[in-house]
Amino acid sequence: MRLTKGVVAALFALVAVAACTPGTTGGTPTASPGTGSSDPTTTSKAPSTRPKELKLDGVDPCKLLTDTQKSDLKIDEFKNETADVVKGTDSPSCAYTINGSKSAGYNITLVSNEGIDFWDGPSNLDVAPKTVAGYDASQVFLKGTSSFDCSVTLDVADGQQLHVQFLPYTSKAFTQDEMCQNATKGAESALSTLRTLK
């Protein structure tokens, strides 16, 4: 079965937003961890160890992969879009498409309204810390699935994250490990280019 890009991206956005909404009440979704001050065991977030702050302001996400990188990642086409990755806010994004029998895509989104700590805390997402080229990152995918997608999101600046999603358009074409490996490759490539722009 082939899933359309729009449907898959919309489903992931809804899941991500729902996962970070505490309780069942309405209102603006917010990440639940670290928002209260009454818990005496709550600790402050450690300062970032990123090698250099890389602000995303003014960056075109469709310029974050060079021609060589696009060839290495087997990307055939790309286009500018917006994506709702966190808190119902549209962020600049670029959809990079891999055509063929195992069609898939990379969505590179520049989130400037929330840092990677947005993904901390209990949710229906599997979130694992990792490091990409010296930058703290989170690997994120939906719990209980093995064929939906995988994202790697990097702490590039205070309150900002470079979010790289790999998602298959052809059902069961990639394992969960393969999706996360591809998301990491995409994140490494985008970060490498971003560092040359800042």
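Observations
- For segment 137-198, the spread of Cα positions along each principal axis, largest first, Å: 38, 20, 15
- Karplus-derived 3J(HN,Hα), 6.51/-1.76/1.60, for each residue of segment 73-80, Hz, glycine and proline x: 8, 6, 7, 9, 8, 7, 7, 6
- Highest to lowest packing among 178-191, 122-135, 79-92, scored as the average C-beta count within 10 Å: 178-191, 79-92, 122-135
- Straight-line cross-link partners of K79 among the lysines, defined as a Cα under 26 Å from its Cα and at least 8 positions apart when in the same chain: K5, K55, K63, K70, K87, K102, K172, K185, K198.
- Its Cα centre serving as origin, segment 125-198 has a Cβ charge dipole (Lys and Arg +1, Asp and Glu -1) of approximately 140 debye.
Where a number appears in this text, it was derived from the coordinates with a stated rule and is not lab data. Please read these numbers as outputs of a predicted model, since none were measured by experiment. A quick note on method: Cβ atoms are made from the backbone with ideal geometry, for glycine too, and the neighbour counts reach across all protein chains shown.
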